[in-house]
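The values are calculated or read from the model by the stated rules, or taken from the named source; none is laboratory data. Worth saying up front: this structure is predicted, and the values here are computed from it rather than measured. In this analysis, Cβ positions are derived from the backbone assuming ideal geometry, glycine residues included, and neighbour counts consider all displayed protein chains.
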Amino acid sequence: MRLFELGSSVPRQRSLAEAALPIMRDLQQATGDTVHLAVLDRTEVVYLQILRGSGTRPLPSRVGGRMPAHATGVGKAILAFSPRPVLDAVMAAGLRPRTARTIVAPGALRRELSRIRQAGTAFDREESGPGIVCAASPVFGADGAVLAGLSLTGWSARLNLARAAPAVRTAALALSRQLGSVPRQ
């Protein structure tokens with residue numbers, strides 16, 4: 001049954017990745033940083049598309065790779081706009097640390113997700129891996145539900161999160177509009 005579920009989701013994810021590619025290319029070319037597109041699968045994010053940054057040491061992420069949602073910018077961007085049962089399942093699975101900076105206290109994660117809902121942008125400040133930072137925003141579908149997360153990711157010595165946040169937020173909004181999403185009030 002699980003294989004059937006996975007196979008059924010492929011066309012939706014393929015069309016999402018295809019729609020995202022031109023926007024991701026523009027973002028990557030404008031910033032020179034790595035751009036990720038990820039979706040939530042239970043308590044983890046799965047990377048559907050990655051465009052590598054130029055002139056920097058490679059990041060450990062890979063297409064098809066998984067990371068705990070609570071420890072990544074794209075994961076927190078998705079969780080902040082997910083239905084409560086989704087967040088409850090993540091909390092019930094346990095918030096295991098990836099680094100010393102990973103948010104592992106349920107109350108702290110809930111406060112962070114509330115901040116993300118207000119700002120529309122999530123951050124990973126070396127929570128997923130030492131030296132890795134990112135700014136991420138949610139991508140919404142035609143029904144208004146969160147579909148994915150889009151991020152600009154790089155090394156902390158190079159990527160300025162304050163400058164990255166508006167760029168990734170704008171790209172995620174453009175992709176959401178392209179997918180038929182109505183702007184949230």
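Working only within region 117-132, note down all residues that are surrounded by fewer than 17 Cβ atoms within 10 Å (Cβ to Cβ), closer than 18 Å to Ala164 by Cα and not charged (D, E, K, R).
Those that are surrounded by fewer than 17 Cβ atoms within 10 Å (Cβ to Cβ), closer than 18 Å to Ala164 by Cα and not charged (D, E, K, R): Gln118, Ala119, Gly131.
Tell me which of these Leu173 doesn't satisfy, since it passes every other one: (1) without any contact (Cβ under 8 Å) to a residue 60 or more places away in the chain; (2) in contact with a strand residue (DSSP E or B) (Cβ under 7 Å, 6 or more places away or on another chain).
So the condition that Leu173 fails would be (2).
Would you confirm, using the coordinates I've provided, whether Ser114 is surrounded by fewer than 21 Cβ atoms within 10 Å (Cβ to Cβ), of a type in the set (Ser, Thr, Tyr), over 30 Å from Arg57 (Cα atoms) and free of Cβ contacts under 8 Å to residues at least 40 places away in the same chain?
yes
Hey, among Leu173, Leu147, Leu152, Leu109, which residue is at pLDDT 95 or above and either of a type in the set (Phe, Trp, Tyr) or out of contact with any helix residue (DSSP H, G or I) (no Cβ under 9 Å at 6 or more places or on another chain) (or both)?
Only one candidate passes the filter, namely Leu173.
Of all residues in region 51-69, count the ones that are outside any loop (DSSP other than H, G, I, E, B) and more than 10 Å from the chain's Cα centre (by Cα).
4
Restricting attention to region 55-76, and to residues there that are touching a residue at least 24 places away in the same chain (Cβ under 8 Å) and farther than 13 Å from Ser128 by Cβ, which single residue is surrounded by the most Cβ atoms within 10 Å (Cβ to Cβ)?
Checked region 55-76; the qualifying residue surrounded by the most Cβ atoms within 10 Å (Cβ to Cβ) is Thr56.
Is it the case that Ala157 is more than 16 Å from His70 (Cα to Cα) and out of contact with any Gly (no Cβ under 9 Å at 6 or more places or on another chain)?
Taking the combined requirement at face value, the residue does not satisfy it.
Do you know which residues across region 146-171 are under 16 Å from Gly75 (Cβ atoms) and out of contact with any Cys (no Cβ under 7 Å at 6 or more places or on another chain)?
Result: Val146, Leu147, Ala148, Gly149, Leu150, Val168.
From Gly144, Gly149, Gly154, which residue is over 22 Å from Gly55 (Cβ atoms) and either assigned to a strand (DSSP E or B) or of a type in the set (Phe, Trp, Tyr) (or both)?
That would be Gly149, the only listed residue that is over 22 Å from Gly55 (Cβ atoms) and either assigned to a strand (DSSP E or B) or of a type in the set (Phe, Trp, Tyr) (or both).
Which members of region 155-174 meet the condition of being over 13 Å from the mean Cα position of the chain (by Cα) and either crowded, with 24+ Cβ neighbours inside 10 Å or closer than 21 Å to Val86 by Cα (or both)?
Answer for region 155-174, where residues must be over 13 Å from the mean Cα position of the chain (by Cα) and either crowded, with 24+ Cβ neighbours inside 10 Å or closer than 21 Å to Val86 by Cα (or both): just Ala164.
What number of residues in region 93-107 are surrounded by 11 or more Cβ atoms within 10 Å (Cβ to Cβ), within 19 Å of Gly131 (Cβ to Cβ) and not charged (D, E, K, R)?
4
Would you check which residues across region 92-135 are small (Gly, Ala, Ser), out of contact with any strand residue (DSSP E or B) (no Cβ under 8 Å at 6 or more places or on another chain) and either within 28 Å of Asp33 (Cα to Cα) or part of a helix (DSSP H, G or I) (or both) and list them?
Ala92, Ala93, Ala100, Gly107, Ala108, Ser114, Ala119, Gly129
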